[in-house]
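Notes to accompany the following structure.
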Amino acid sequence: MAEPEVFDVIVIGAGPVGENIAQYATQGTPLTAALIERELVGGECSYYACIPSKALLRPVELAATAAHLPGITGTRLDRRALLARRDEWVSSYDDSGQVDWAEGAGLTVIRGTGRVAGERTVELTTPDGTRTLQARHAVVIATGSEPNMPHLYDGFRPWGSRDATGVDEVPRRLVIVGGGVVACEAAVWMNALGSAVTILSRDDRLLNRVEPFASEITLKALRKTGVEVRLGVEVTECRREDPEPTGLGRVHGGPVVLQTSEGELTADEILVAIGRRPRLDDVGLASLGLDAQKALSGDVPPWLILVGDASGEAPLTHWGKYRARVLGEQIAARATGGTPTPAPEDVPVPQVIFADPQVASVGLTEAQARTAGVDVVVSHVPWTAASGAALLRDDVEGGAQLVVDRASRCVVGATFVGPEAGELLHSATIAITGKVPVDVLRHAVPSYPTASELWLRLIEQLPQELLRPTP
Ligand SMILES: Cc1cc2nc3c(=O)[nH]c(=O)nc-3n(C[C@H](O)[C@H](O)[C@H](O)COP(=O)(O)OP(=O)(O)OC[C@H]3O[C@@H](n4cnc5c(N)ncnc54)[C@H](O)[C@@H]3O)c2cc1C
């Protein structure tokens with residue numbers, strides 16, 4: 001039997017998170033890392049998720065804004081050019097640029113499927129057979145997540161998020177099942193591309209993890225652009241004639257007939273976007289006497305690390321990459337006898353939902369803070385409260401909200417809903433991470449006339465006693 005190939009660190013999954021942890025675990029050290037990938041180096045994010053969706057959404061957002069800015073006439077979307085822009089941003093599904101980056105960073109990229117096969121051991125399956133790799137220090141599972149797909153769709157080939165971001169043939173009538181981030185973002189670009197979109201959501205509001213005012217604005221805005229949104233609806237049965245493997249982003253067969261709790265519905269395609277779960281089913285946990293549940297609860301040996309979507313933490317690229325930087329540095333420090341730089345426990349998670357308008361939030365919602373027992377004060381203003389914000393689009397609807405801990409006077413949560421709201425978010429992330437009290441924040445002067453002046457209005461709304469310096 002051949003001797004196992006030995007690396008200091010073996011990373012299974014070369015998405016953005018796997019790439020980052022391999023880089024941070026080795027840079028500036030003599031350590032070696034193998035980066036195992038069975039599809040495309042760069043992962044879901046680069047080819048099928050964040051990048052193509054945002055490549056599609058930006059021109060859609062600009063066209064919609066231009067249509068509501070007196071002084072501009074004649075802006076229209078060019079469907080073919082829009083899809084070409086998407087193709088350009090996903091490098092036409094070619095990962096050679098990312099492989100070059102990884103190799104340039106000193107990482108060994110290995111094509112194949114990785115599976116843990118015992119202590120610090122990984123079995124690698126390639127078309128040429130199976131090999132064994134051995135890690136001196138750490139094995140990382142960065143295998144991402146996979147979409148939830150109820151059995152009622154078995155055999156009918158519904159679209160998943162990959163088809164929506166990879167859209168090539170625009171269905172005339174598209175039903176989107178789900179009311180979360182992927183559903184709302186996809187509704188915006190598919191509607192702009194010309195589909196008649198119907199959202200069916202089982203929940204009684206869209207985007208059920210954000211502040212309720214953000215859900216309401218999103219619902220109203222989608223309906224205003226012609227998207228039909230039905231809330232509190234359950235799909236009970238799916239039928240389709242001639243389902244066919246026509247390829248990524250193409251209509252997968254004949255019309256789809258759905259039975260729902262509110263009657264029958266026919267569409268040319270259906271996109272199922274009802275959340276994702278960590279991809280842990282086939283990564284060899286059983287070889288260590290573990291299962292997914294145990295692994296997600298952190299009950300793993302110290303040499304085994306779960307990170308990114310596979311860890312069950314916030315399924316966001318920037319969050320996974322942050323954790324990869326922290327954990328990668330810890331691997332490097334332990335392996336080289338150094339001391340890892342401590343990371344704070346309570347780092348807030350930011351998220352931007354690129355619907356129209358954008359929903360940008362960080363930290364706790366009011367409800368989450370109250371459930372956690374924090375005595376909070378909430379300040380809320382409409383987007384038009386600051387002229388710099390209102391100037392961005394004439395028919396603007398949106399709002400801004402701060403959740404402030406009365407005891408510490410620090411912001412614990414913030415939500416901005418409006419045009420380009422995502423660009424405002426980092427100010428709140430810094431305020432929360434840096435624990436800057438509001439009596440200090442009131443001296444951070446935003447430029448006039450910018451959307452940042454919403455901070456002035458929000459702070460003015462707070463009780464006076466919070467704005468005086470503590471004696
Ligand atoms: C439509 C959509 C839009 C999104 N938009 C955003 C956004 O705007 N911003 C944001 O922050 N997040 C967004 N996300 C979430 C983001 O895509 C994920 O959080 C991110 O991709 C997670 O990175 P990862 O490296 O953990 O996993 P992935 O990107 O999924 O990468 C995991 C990699 O592991 C590989 N792999 C899996 N199993 C094995 C194995 N056994 N052996 C070898 N390789 C394996 C996979 O092929 C894959 O390449 C979006 C998600 C979707 C679906």
* Asked: If you check A324 against the conditions, is it under 22 Å from K54 (Cβ atoms), in contact with a Leu (Cβ under 8 Å, 6 or more places away or on another chain), within 15 Å of the ligand (Cβ to nearest atom) and not hydroxyl-bearing (S, T, Y)?
  -> no
* To do: Keeping to region 181-208, report how many residues are more than 15 Å from the ligand (Cβ to nearest atom) and either charged (D, E, K, R) or at pLDDT below 95 (or both).
  => 4
* Any idea which of (1) on the phi < 0 side of the Ramachandran plot; (2) open to solvent by 50 Å² or more (accessible area, probe 1.4 Å) is the one W319 doesn't satisfy? -> (2)
* In region 134-165, what residues are more than 8 Å from the ligand (Cβ to nearest atom), touching a Pro at 6+ places or on another chain (Cβ under 6 Å) and under 20 Å from D282 (Cβ atoms)? -> G160
* To do: Working only within region 341-355, note down all residues that are within 16 Å of the ligand (Cβ to nearest atom), part of a loop (DSSP other than H, G, I, E, B) and either open to solvent by 40 Å² or more (accessible area, probe 1.4 Å) or among the hydroxyl-bearing types (S, T, Y) (or both).
  => V349, F354
* Return the only residue of V374, V378 being at pLDDT 95 or above, open to solvent by 10 Å² or more (accessible area, probe 1.4 Å), in a loop (DSSP other than H, G, I, E, B) and not acidic (D, E). => V374
* Name the residue, out of V251, V283, that is in a loop (DSSP other than H, G, I, E, B) and farther than 24 Å from P171 by Cα. => V283
* Pick out the one residue from G253, G247, G232 that is under 25 Å from the mean Cα position of the chain (by Cα), touching a residue at least 40 places away in the same chain (Cβ under 8 Å), on the phi > 0 side of the Ramachandran plot and surrounded by fewer than 21 Cβ atoms within 10 Å (Cβ to Cβ). => G247
* Asked: Does region 92-104 contain any residue that is within 24 Å of C50 (Cα to Cα), of a type in the set (F, W, Y), open to solvent by less than 80 Å² (accessible area, probe 1.4 Å) and modelled with pLDDT of 95 or more?
  -> yes
* To do: Could you grab me the full set of residues in region 111-165 that are without any contact (Cβ under 8 Å) to a residue 40 or more places away in the chain, open to solvent by less than 60 Å² (accessible area, probe 1.4 Å) and among the polar types (S, T, N, Q)?
  => T125, T126
* Structure fact -> Screening E241, E234 for residues that are modelled with pLDDT under 95 and away from the ligand (no atom under 16 Å from the Cβ) leaves only E241
* Asked: In region 409-431, is there at least one residue being farther than 20 Å from E211 by Cα, open to solvent by 20 Å² or more (accessible area, probe 1.4 Å) and assigned to a loop (DSSP other than H, G, I, E, B)?
  -> yes
* To do: Could you tell me which numbered condition E37 fails, if it satisfies all but one of (1) within 30 Å of E420 (Cα to Cα); (2) open to solvent by less than 30 Å² (accessible area, probe 1.4 Å); (3) within 11 Å of the ligand (Cβ to nearest atom)?
  => (1)
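The values are calculated or read from the model by the stated rules, or taken from the named source; none is laboratory data. Treat the numbers as computed from the prediction; the structure is a model and nothing was measured. Glycine gets a Cβ as well: all are built from the backbone with ideal geometry, and neighbour counts include every protein chain shown. We work out accessible area using only protein heavy atoms, side chains counted, and drop any ligands, DNA or RNA first. Shrake-Rupley method; radii C 1.70, N 1.55, O 1.52, S 1.80 Å.
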